[in-house]
Amino acid sequence: MERKIKLKTLNSHITCKICRGYLIDATTVTECLHTFCKSCLVKHLDEKNTCPQCQIVIHQSHPLQYISFDRTMQDIVYKLVPDLQENETKREREFYRSRGLPYPKDTLTNLGESEDQKANEDAHAASDYHRTDEQVNVCLECINASLQTLKRGFIRCSAQATITHLKKFIAKKVLSGIEKYRDIDILCNNELLGKDHTLKFVYVTRWRFHDPPLRLQYRPRIDL
């Protein structure tokens, strides 16, 4: 026999302890496994290095390195809360519209194409390495003589790519193998970037008042 559970009985597990709203871009502190909205947590860690819920020290100097996007939790929240994902999409679209910018997730559809053709193209795009994503231009600069400088420091990739993706790219090019990516730090404006930060997030929070490309620096990892 199935038993219905009211959403309010689950709210304490799927809401952010900072903003008190449902989790958006759910991000977990790896040290204590407490989860918050990504924007709320990053803003908190700009001033403090402790978990907002239990006050444990995440890291003395680089707490942003020890938070991680929790895709499973975010999927659970979207499935439990009616229309949350749809409403967030509307807010994103309004944000871009109010600034006269195209919404990156929208794709153009020719009026004359058939439904079958569109379905096939959508399926292809979904598996086509994020080529329909918003793109970002990045300049990668080496700031330590012990690492080799990239022959081509300019790349163009999905705005959803993360700092870890860039680390693996650099490790493959200048170190002995991609598995060495943990030996690299990436910075923006002399600020160490977290491994799960997307390039879109870095651009908006660290580079929004500068001209493109997004300039990032890399160096050997420094453990403090």
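The values are calculated or read from the model by the stated rules, or taken from the named source; none is laboratory data. All values reported here derive from a predicted model rather than from experimental measurement. As a convention, Cβ positions derive from the backbone with ideal geometry for all residues, glycine included, and neighbour counts pool all protein chains shown. The area values use the complete protein model at the heavy-atom level, side chains included, leaving out ligands, DNA and RNA. Shrake-Rupley method; radii C 1.70, N 1.55, O 1.52, S 1.80 Å.
Checking the structure you have, find out if any residue of region 200-218 is out of contact with any Phe, Trp or Tyr (no Cβ under 8 Å at 6 or more places or on another chain), within 23 Å of residue 61 (Cβ to Cβ), open to solvent by 50 Å² or more (accessible area, probe 1.4 Å) and free of Cβ contacts under 8 Å to residues at least 12 places away in the same chain.
No: region 200-218 contains no residue that is out of contact with any Phe, Trp or Tyr (no Cβ under 8 Å at 6 or more places or on another chain), within 23 Å of residue 61 (Cβ to Cβ), open to solvent by 50 Å² or more (accessible area, probe 1.4 Å) and free of Cβ contacts under 8 Å to residues at least 12 places away in the same chain.
Would you check which residues across region 59-84 are surrounded by 15 or more Cβ atoms within 10 Å (Cβ to Cβ) and part of a helix (DSSP H, G or I) and list them?
Within region 59-84, 63, 64, 65, 66, 73, 74, 76, 77, 78, 80, 84 meet the criteria.
State whether the residues of region 159-170 include one that is over 22 Å from residue 133 (Cβ atoms), surrounded by 13 or more Cβ atoms within 10 Å (Cβ to Cβ), touching a helix residue (DSSP H, G or I) at 6+ places or on another chain (Cβ under 6 Å) and free of Cβ contacts under 8 Å to residues at least 40 places away in the same chain.
Within region 159-170, none of the residues are over 22 Å from residue 133 (Cβ atoms), surrounded by 13 or more Cβ atoms within 10 Å (Cβ to Cβ), touching a helix residue (DSSP H, G or I) at 6+ places or on another chain (Cβ under 6 Å) and free of Cβ contacts under 8 Å to residues at least 40 places away in the same chain.
Those residues that are surrounded by fewer than 16 Cβ atoms within 10 Å (Cβ to Cβ) and either within 24 Å of the chain's Cα centre (by Cα) or in a helix (DSSP H, G or I) (or both), I need them from region 1-31; list them, please.
7, 8, 9, 11, 12, 13, 18, 19, 20, 21, 30
Of the numbered conditions (1) farther than 30 Å from residue 168 by Cα; (2) at pLDDT below 50; (3) in contact with a Lys or Arg (Cβ under 9 Å, 6 or more places away or on another chain), residue 113 fails exactly one; give the number of that condition.
Answer for residue 113: the failing condition is (3).
Residue 147 fails exactly one of the following numbered conditions: (1) in contact (Cβ under 8 Å) with a residue 60 or more places away in the chain; (2) outside any strand (DSSP E or B); (3) open to solvent by 60 Å² or more (accessible area, probe 1.4 Å). What is the number of that condition?
All conditions pass for residue 147, except number (3).
Going by the structure shown, is residue 68 at pLDDT below 90 and touching a Leu at 6+ places or on another chain (Cβ under 7 Å)?
Judged against the criteria, residue 68 is not a match.
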